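First the structure, in the form of structure tokens, and then the observations on it.
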């Protein structure tokens, strides 16, 4: 088996091949999620020093920042899958886009919720109409729109193409969220972590944040694969391989 | 190509003139929604002046969204849309013609009536001019973006509610900078930045939205 040939990778675009592979990967990603979450939270809650201004309340950042990152990344990844699905008409890409949307919406909500909890002791208010908060809220609405449009159209192919177009229109919002703290000088502070400059925080805080975002990535893959497997079974329930897989399982010789 | 475009414009106009009530609905909606605010909030003119930009912009946004359902619906039902799609002319151009007429019939009246409503809410003359200008640049963007959503939700059950869910988030930037410009003008601050951004939205959506709406129609009528 050659890992570097195109054919090796392309075979996973077939639902039939992908189904068992995803099934094997889900426990792996779930384990990674649990282990990394424990490490990340240990770093964040125990090893990281209290902030000299905010005391301990800043520690919600170890959930908030990775969740906000994920909400933006998942939208981009979802959009890429949607475009691949639209261009090459691969069913699996569309299923991935659909499977990522609820997780993305969950992370956008989590970012807003944890942000509100952090904002109360720090800014003195749960919510302000700040540029970044507003654009993150728009992102949540965009996820809802994407999910609702898919749910409203019965024909899977039409739903795939319509939602792909919508995802492409909405992806304009992602750079707006990311750069909002630079473009509008409103309440939300600028980024403390970036590729171009050294992070302006203690190393243990940075470690906690990074570990937590890897944990969230692993979680995203795990739940997205679960949804995709369900979707595959739903769409291919009449095909021979599904019948074969399940008759084997019942026979006990998986 | 130009002849077809001219024919489409003529057709849309004559259709609209035979259904005057529909054209007036959006305008009346705009007037009524704006008039509700003094009733709900109270007649203090200082408060009203303060909220006027936001109220007028939100009402304009809802009024223009209200009429979006009709943009393609009738042509979809009687089969005209299919003929437009299989015609040899670029679909984006035809869609652009439809959007243009939609704006002339629903967006432009809002712009023209906005000074009266602005005066009702106690705005001064300078802010009213700014308000009209922002609406003049902003409402075409609403029609353009809305057309993509109208195309996507064509023939989908519960299309009307779904349309607002898809479109309203995309309207928010226009709302922020449109109402923001008027607020800055009221506060005596510069409005160039707001106008630059609004014009950028208009330019961008003029180019991309007809293509997007054409793609959406092709998907819907596949």
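Throughout, read-outs are computed from the coordinates displayed, never taken from laboratory work. Worth saying up front: this structure is predicted, and the values here are computed from it rather than measured. Cβ sites come from the backbone with ideal geometry, for glycine too, and all protein chains shown count toward neighbours.
A few notes on this one:
- Fluctuation leader among B:52, B:150, B:193 - chain B, Gaussian network, Cα springs under 10 angstrom: B:193
- Evaluated at q = 0.13, 0.14, 0.21 Å⁻¹, a Debye calculation over the C-alpha positions of segment A:88-132 (equal weights, vacuum) places log10 I(q)/I(0) at -0.46, -0.50, -0.71.
- Taking chain B as a Gaussian network of alpha-carbon nodes connected by springs under 10 Å, the highest mean-square fluctuation of the residues B:101, B:45, B:130 belongs to B:45.
- C-alpha center-to-center spacing [segment B:1-79, segment B:82-139] in angstrom: 9 Å
- Calculated P(r) of the protein assembly as shown - Cα pairs past 33 Å, %: 48 percent
- Spin-label pair residue B:206/residue A:47, simplified geometry with 7 Å Cα→Cβ offset, distance in nm: 5.6 nm
- Length gained when the stretch residue A:16-residue A:31 is fully extended (0.36 nm per residue, less Cα-Cα span): 2.9 nm
- Burial ranking of peptide ranges B:71-84, A:129-142 (average Cβ count within 10 Å, highest at the top): A:129-142, B:71-84
- Chain B: angle of helix B:108-120 to the longest principal axis, Cα-based, in degrees nearest 10: 20 degrees
- Per-residue mean of C-beta atoms belonging to partner chains within 10 Å, peptide B:145-153: 3
- Rg followed by Dmax, in Å, when segment B:17-143 is reduced to its Cα trace: 17.1, 58
- Helix B:91-102 and the longest principal axis of the C-alpha atoms of chain B enclose an angle of approximately 40°.
- Across chain B, the convex hull enclosing all Cα atoms gives 116 Å³ per residue.
- Test item: A:126-136 mean partner chain Cβ contacts at 10 Å: 1
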